[in-house]
Amino acid sequence: MGPGGIAGDPAAIPFESAEDVLLLAAGRPDMVACLEAVAALGLPDCWIGAGFVRAPVWDALHGYRAPTPLDDVDVVFFDPDSRDEREAPAEAALTRALPGHNWSVHNQARMHLHNQDPPYRDTAEALSCWLETATAVALRLNAEGRLELLAPHGLADLFGLRVRPTPHARTGKLEAYRARLERKRWQEKWPRLTVDRG
């Protein structure tokens, strides 16, 4: 299995489990470099999420050989004892380490305020409150140097090329979800997507 695994064969299913995503990431030196740089920060409960995981999977499912450029690299961590003093230094450190990326670092212990949600317990709960199921995915290198995947809504929609709102988005946030669909225009990049507009 690898990028372009279904080129010319729309019936093929190259992604069947979390292990397939881990193998994809492990085979991409650019992704490994990002994961290593983030792990070196030592931030608690820290992952790289959203398009960092979603885009390579959708690229592979579309048979693309070149990776689709990312708007940014979303780094999320959870530190209830920190306000915002760790975010800017982390972005600066990542920019020094890998200057070719637009790094975005956010402490999920504070993001509930921005999102008008109850406080989150950890990064996994914060991800579960993101607006699309296929976006609520993240990777990290753990303390032992092994890749781990976080997917609070599972991987079926990601693998099935389906964009749909999370249960949280359906509870009063469908306007924000639809606004993201208009802004992101994912079907222009990945035309095989099926989009549920809520």
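The values are calculated or read from the model by the stated rules, or taken from the named source; none is laboratory data. Please read all numbers here as calculations on a predicted model, not as lab measurements. No Cβ is skipped: glycine too gets one built from the backbone with ideal geometry, and neighbour counts run over all protein chains shown.
ARG110 meets each of the listed conditions (1) surrounded by fewer than 21 Cβ atoms within 10 Å (Cβ to Cβ); (2) modelled with pLDDT of 95 or more; (3) assigned to a helix (DSSP H, G or I) apart from (2). Restricting attention to segment 129-162, the residues that are over 19 Å from ALA33 (Cβ atoms) and over 11 Å from the mean Cα position of the chain (by Cα) total 12. Among the residues here, LEU149 does not qualify as part of a helix (DSSP H, G or I), in contact (Cβ under 8 Å) with a residue 60 or more places away in the chain, among the hydrophobic types (A, V, I, L, M, F, W, C) and under 24 Å from GLU16 (Cβ atoms). Residues that are more than 18 Å from ASN107 (Cβ to Cβ), in contact with a strand residue (DSSP E or B) (Cβ under 9 Å, 6 or more places away or on another chain) and not small (Gly, Ala, Ser) within segment 32-70 comprise VAL32, CYS34, LEU35, GLU36, VAL53, ARG54, listed in sequence order. Residue by residue through segment 83-96, note down the ones that are touching a residue at least 24 places away in the same chain (Cβ under 8 Å) and out of contact with any Leu (no Cβ under 9 Å at 6 or more places or on another chain). Result: ARG83, ASP84.
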